[in-house]
Amino acid sequence: MKSCVILALLGTLSGCGYHVSGKGDFLPKNVQTIAIPAFTNITARYKLPEKLASALTREFISRTRYNINADPNSADAVLRGSVLRYDSFVTTFDPATNRGSSVQVAVTLKLTLVERATGKVLFERPAMEVRERYEIGSDQRAYLEESDAAVDRLSRDVARSVVSALLEGF
């Protein structure tokens with residue numbers, strides 16, 4: 001009896017469009033290689049474009065079947081990115097010292113994945129905004145700059161989000 005119920009449940013799930021997240025592939029079958037050239041940067045934030053491109057490359061390699069390179073002329077599709085805006089501002093203050101105790105980083109990106117042969121846009125985020133928060137230590141003698149670590153986390157979050165959107169067709 002239990003096996004009949006399990007088989008019926010499995011049959012129902014397989015017919016309703018259920019699938020495991022992250023296993024879809026909504027890019028054309030002819031796309032085998034994706035180029036991720038250096039991002040452009042119109043902000044004053046140093047090394048942010050390199051961190052974003054590097055995080056995207058790692059995420060594509062670890063989660064997809066695509067070959068990734070930096071040369072747009074040798075790829076089936078090209079993922080271009082631009083850092084449009086970088087803002088950093090204090091969000092909370094230490095009441096004892098009246099100094100900032102946490103900072104919010106907000107980055108606005110433009111991302112476009114284009115099929116090289118046809119020029120067809122396969123994926124686009126014209127104003128993708130991402131945020132990351134970090135704490136500022138209260139002891140200035142033991143101060144550790146956390147903004148670079150926050151940018152690293154932000155880059156990984158962008159990479160996960162973009163690859164997931166491509167795999168799931170969002």
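Where a number appears in this text, it was derived from the coordinates with a stated rule and is not lab data. What you are looking at is a predicted structure, and each value in this text was computed from that prediction instead of being measured. All Cβ positions, even for glycine, are placed from backbone atoms using ideal geometry, and neighbour counts span all protein chains on display.
Mind listing the long-range amide H neighbours of residue 116? Cut-off is under 5 Å, sequence gap 5 or more, other chains count too, H placed in the peptide plane at 1.01 Å from N.
Result for residue 116 returns 77, 78.
How charged is the neighbourhood of residue 45? Take every other residue with its Cβ under 13 Å from the Cβ of residue 45, and add Lys/Arg as +1 and Asp/Glu as -1.
After counting each charged neighbour, the total is -2.
Starting from the 7 Å offset along Cα-to-Cβ, what nm value, one decimal, do you get for the label separation of residue 47 and residue 30?
4.0
What per residue convex hull volume, in Å³, comes out for the stretch 24-168 when only alpha-carbon positions are used?
Normalising the Cα hull of the stretch 24-168 by residue number yields 113 Å³.
Could you calculate the FRET efficiency of residue 168 with residue 106 from 1/(1 + (r/R0)^6), where r is the beta carbon distance between them and R0 is 30 Å, rounded to 0.05?
So the FRET efficiency works out to roughly 0.75.
Describe numerically, in nm with one decimal, the distance between label points set 7 Å from Cα along Cα→Cβ at residue 58 and at residue 129.
Between residue 58 and residue 129, the label points sit 2.7 nm apart.
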